[in-house]
Amino acid sequence: LLSSGFWAASAGERRGRSGAEREEPAAPAAPPGLTPLSVPAGAVRALLSGSAEPPARCVCYGLGRFSGCPAARAQLAFLLLLLEELGVSTGAAGDDRGGRPRGPHRRFSHRLSPQVPPGRCSLFDPAFSAREAAALGQLGLRLLPENEEGKHAVEGSATLFYMVHCGKALYNNLLWRNWSAGALARMVIIGNSFRGIEERLLSRILERDYSYIAKVLKGTEEVALPAHPRYLDTFNDTSVHWFPPQKLKELSPEVWDFREEPTYQDCEDLEIIRREERAGERSPATES
């Protein structure tokens with residue numbers, strides 16, 4: 001991600017890896033494999049400047065079996081770089097007496113914030129093995145204890161949801177659980193492009209099965225991650241989404257009146273694992 005220039009283009013970086021401010025050229029050169037137009041987009045910088053408040057915690061869904069899948073490993077690496085950029089501590093153990101982290105995770109845990117205590121990044125994927133769960137723990141991340149089906153409330157804390165290539169119902173459930181202007185304004189979602197979902201689905205299907213995505217479209221700002229030939233299957237159709245309070249205020253009052261929990265009874269291709277589908281199966285702690 002670093003050597004290919006994909007992260008630099010995604011972050012819209014103006015800083016070197018040492019943290020020193022660089023003088024930004026008027027027309028930056030494109031990293032290898034990227035067009036010049038994709039460089040200034042800086043989806044991560046847009047996140048920092050566009051959201052109402054910077055995220056104080058992170059929730060990751062659907063990362064996948066990163067022990068055997070290169071795409072999932074790249075997505076995990078992007079998450080760690082993203083947490084570093086946002087100043088969100090991954091909570092990796094082992095600070096020396098000077099307050100500097102020791103050990104192999106030093107680069108991912110050196111930007112500690114008093115507003116973000118360790119372990120504020122939580123993950124869930126029903127496919128995680130015990131070894132993968134342990135590896136995530138070594139990185140200072142924590143696992144959510146159960147399948148929420150995406151129904152995670154922000155509860156007053158600005159939250160980044162990292163959901164690359166997740167099912168549409170997961171995004172829809174997340175929006176339903178936080179269906180108020182105040183809660184949505186505290187959310188940032190990195191995942192499948194909402195614009196792309198709108199373009200690919202018939203409007204009647206979108207409004208019937210994924211009504212919360214349909215209703216929030218006019219209140220959404222979206223910036224796509226750059227295209228890169230090495231990561232076409234890893235981050236394709238991935239965007240950063242946030243919900244500016246002013247745009248949410250412009251939505252009609254009727255948009256907020258309907259708050260029925262989605263059931264997907266008529267949905268023929270539901271792309272998430274339901275909570276009951278995991279009943280009786282072993283947890284990651286018992287799998288290898």
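The values are calculated or read from the model by the stated rules, or taken from the named source; none is laboratory data. In this text, all values refer to a predicted model and were calculated from it rather than measured experimentally. All Cβ positions, even for glycine, are placed from backbone atoms using ideal geometry, and neighbour counts span all protein chains on display. Heads up: the accessible areas ignore ligands, DNA and RNA and are worked out on the full protein's heavy atoms, side chains in. Shrake-Rupley method; radii C 1.70, N 1.55, O 1.52, S 1.80 Å.
Check ARG97, ARG106, ARG131, ARG142 and return the single one that is more than 19 Å from the chain's Cα centre (by Cα), among the basic types (Lys, Arg) and modelled with pLDDT of 90 or more.
Selected residue: ARG131, the only one of ARG97, ARG106, ARG131, ARG142 that is more than 19 Å from the chain's Cα centre (by Cα), among the basic types (Lys, Arg) and modelled with pLDDT of 90 or more.
Check LYS168, LYS151, LYS215 and return the single one that is open to solvent by 40 Å² or more (accessible area, probe 1.4 Å), in contact with a helix residue (DSSP H, G or I) (Cβ under 8 Å, 6 or more places away or on another chain) and over 19 Å from CYS58 (Cα atoms).
Exactly one of LYS168, LYS151, LYS215 is open to solvent by 40 Å² or more (accessible area, probe 1.4 Å), in contact with a helix residue (DSSP H, G or I) (Cβ under 8 Å, 6 or more places away or on another chain) and over 19 Å from CYS58 (Cα atoms), namely LYS215.
Could you list, in sequence order, all residues of segment 226-240 that are among the aliphatic types (A, V, I, L, M) and open to solvent by 20 Å² or more (accessible area, probe 1.4 Å)?
Across segment 226-240, the qualifying residues are ALA227, LEU232.
Quick check, is LEU174 touching a strand residue (DSSP E or B) at 6+ places or on another chain (Cβ under 7 Å), closer than 23 Å to LYS249 by Cβ, buried (at least 19 other Cβ atoms within 10 Å of the Cβ) and of a type in the set (A, V, I, L, M, F, W, C)?
Yes, satisfied.
Within segment 130-147, which residues are of a type in the set (D, E, K, R) and in contact with a helix residue (DSSP H, G or I) (Cβ under 8 Å, 6 or more places away or on another chain)? Spell out how you get there, then give the answer.
Taking segment 130-147 as the starting set, the residues that turn out to be of a type in the set (D, E, K, R) are 131-132, 142, 146.
Passing the criteria: GLU132, ARG142, GLU146.
Applying the selection to segment 119-140, what residues are part of a loop (DSSP other than H, G, I, E, B) and either touching a residue at least 60 places away in the same chain (Cβ under 8 Å) or open to solvent by 40 Å² or more (accessible area, probe 1.4 Å) (or both)? Outline the logic, then answer.
As a first pass, look at segment 119-140 and keep what is part of a loop (DSSP other than H, G, I, E, B): 119-120, 125-129, 139-140.
ARG120, ASP125, PRO126, ALA127, PHE128, SER129, listed by residue number.
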